Amino acid sequence: MTIPRRAIAIVDGEHYPPVVRSALEEVDDLVVAAVLIGGTEKLRADVDGYGVPLVPTLEEAVAQHRPDVVLDLSDEPVLGPAERLALASRVLALGIPYEGPDFRFTPPPMEPVDVPTLAVVGTGKRVGKTAVTGHVARSLALSREVVVVAMGRGGPPEPETVRVRPTVDSLLELSRLGRHAASDHLETAVVAGVVTVGCRRCGGGLAGAVAVSNVLEGVAVARSLSPDLVVLDGSGAAMPPVAAGRRLLVTSAAQPVDVAAGYLNAYRARISDLVLVTMAEPDAPHAALADAMSAHVRPGIPVLRAVLRPRPLEPVADERIAFFCTAPPAAHAPLARHLEETHGARVTHVSGSLADRARLRDDLAQTDADVFVVELKAAAVDVVAEEARRRGVRVVLAANDVLPIAGERSLDVELERLAAEAISHAPQAVR
């Protein structure tokens with residue numbers, strides 16, 4: 001005999017209450033309470049005619065009744081598409097499936113692990129997440145043993161431990177063997193200089209679940225190294241399938257605010273402990289995004305805003321350089337100015353085409369420089385470094401520094417807080 005699921009029903013006042021009551025009796029689930037989400041058209045003074053208790057909020061209903069599922073029996077105009085996805089984010093953040101007549105959202109699986117973990121996750125691709133992971137690892141490794149577990153769409157078939165900082169020569173060797181030599185774990189190993197375990201993943205769901213990955217195996221490898229903290233690096237908007245002790249969400253002011261703070265990115269914010277808004281350039285809507293996150297999506301969550309600026313890993317003062325990155329054209333002038341004013345370089349060209357090999361080759365054909373400074377992304381090795389070797393041009397890899405804008409609190413202080421909390425909340429056996 002199948003035991004019916006305990007359900008919380010979402011109902012609205014645009015349906016006549018007797019119709020809703022009849023529906024609650026007909027569904028296969030055992031509806032134990034309902035939440036009136038809005039609407040008044042068909043409500044009379046007495047709205048207790050649903051046959052189950054009405055609870056003021058979703059969160060109160062879940063806390064009181066511990067359901068197996070939240071069943072949505074509402075409809076437009078009370079819940080339009082944006083409002084329904086906002087509700088889905090609230091439900092998923094409570095760890096419960098959310099269902100309606102033709103949809104089902106399930107919380108991404110998050111496996112508990114017996115090692116302290118801090119996850120860095122993103123609201124999409126090209127938000128600067130990997131740069132932030134590098135900063136997190138460098139900062140926290142100053143006072144503890146840190147291992148990074150990074151997953152990527154070009155990661156290795158088995159978890160790969162990188163103990164020595166890769167060089168341009170070693171990356172070229174990997175590329176010539178058919179490997180993706182700019183995978184996220186290699187980038188992190190280059191820019192952070194910490195032990196990094198590379199993993200792969202395929203597929204990404206709306207809420208960040210992956211279809212296939214070897215991340216859990218990678219975490220086991222990291223655990224065997226006895227670190228004080230494992231930093232988990234997400235991939236695009238996909239999240240590591242680990243019940244991380246703490247999470248840092250990286251979003252970008254270059255994304256539309258309704259995308260970065262809406263859809264199921266609201267779920268990502270609700271399960272995070274700190275939000276970092278990157279690309280907070282003067283003309284970007286970073287204040288609106290920060291307000292959306294802290295005032296509406298996850299009230300009270302700390303939000304910091306920052307810009308990313310390139311830092312060559314070798315001196316380039318007085319050198320004629322070309323800089324290769326993934327930044328959009330509007331960002332090229334500030335990046336060039338930073339390289340000139342902070343690092344003393346003479347910038348002859350900036351290309352943002354690392355993710356477009358055809359355009360990148362066109363850029364290279366027009367580039368005249370003595371040094372190629374390159375972010376370790378996409379075609380950095382198989383196109384840019386190979387062309388540099390052909391020409392006899394020096395290649396310098398670049399990190400991206402995360403620089404909070406004026407008036408923001410210290411990012412490193414916030415990272416220390418997250419690390420301390422992750423360690424203190426980890427299972428006793430690993431403290």
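Annotations for the structure displayed:
- nm² value of the averaged projected area, convex hull over the Cα atoms of region 309-424: 8.8 nm²
- Overall, the accessible surface of region 288-403 at a probe of 1.4 angstrom is composed of carbon and sulfur to the extent of 47 percent.
- For region 281-431, with +1 on Lys and Arg beta carbons and -1 on Asp and Glu, the positive-most of 403, 384, 338 along the dipole: 384
- Lys, Arg +1 and Asp, Glu -1 on Cβ, resulting dipole of region 42-141 about Cα centre, debye, nearest 20: 660 debye
- Extreme residue, positive dipole direction of region 298-360, given options 317, 304, 329 (C-beta unit charges): 304
- Gain on full extension, evaluated as 0.36 nm per residue between residue 361 and residue 44 minus their Cα-Cα distance, stands at 107.2 nm.
- Put the Cα centre of region 1-32 next to the Cα centre of region 278-315 and the gap is 42 Å.
- Inter-site label distance for residue 211 and residue 410 at 7 Å from Cα along Cβ, in nm: 4.5 nm
- Net +/- balance of residues flanking residue 150 in space, Cβ distance below 9 Å, scoring K and R +1, D and E -1: -3
- Placing +1 on the Cβ of every Lys and Arg and -1 on the Cβ of every Asp and Glu, with no other charges, gives the chain a dipole of roughly 1080 debye about its Cα centre.
- Computed with every protein chain present, the accessible area of residue 143 is close to 80 Å² [probe 1.4 Å].
- Dipole in debye (nearest 20) - region 273-430, about Cα centre, beta carbon charges: Lys, Arg +1; Asp, Glu -1: 280 debye
- Space enclosed by the convex hull of the alpha-carbon atoms of region 147-220, per residue, Å³: 89 Å³
The values are calculated or read from the model by the stated rules, or taken from the named source; none is laboratory data. Quick caveat: nothing in here was measured; it's all calculated off a predicted structure. Positions of Cβ are backbone-derived with ideal geometry, glycine not excepted, and every protein chain shown enters the neighbour counts. What goes into the accessible areas is simple: the full protein's heavy atoms, side chains included, and nothing from ligands, DNA or RNA. Shrake-Rupley method; radii C 1.70, N 1.55, O 1.52, S 1.80 Å.
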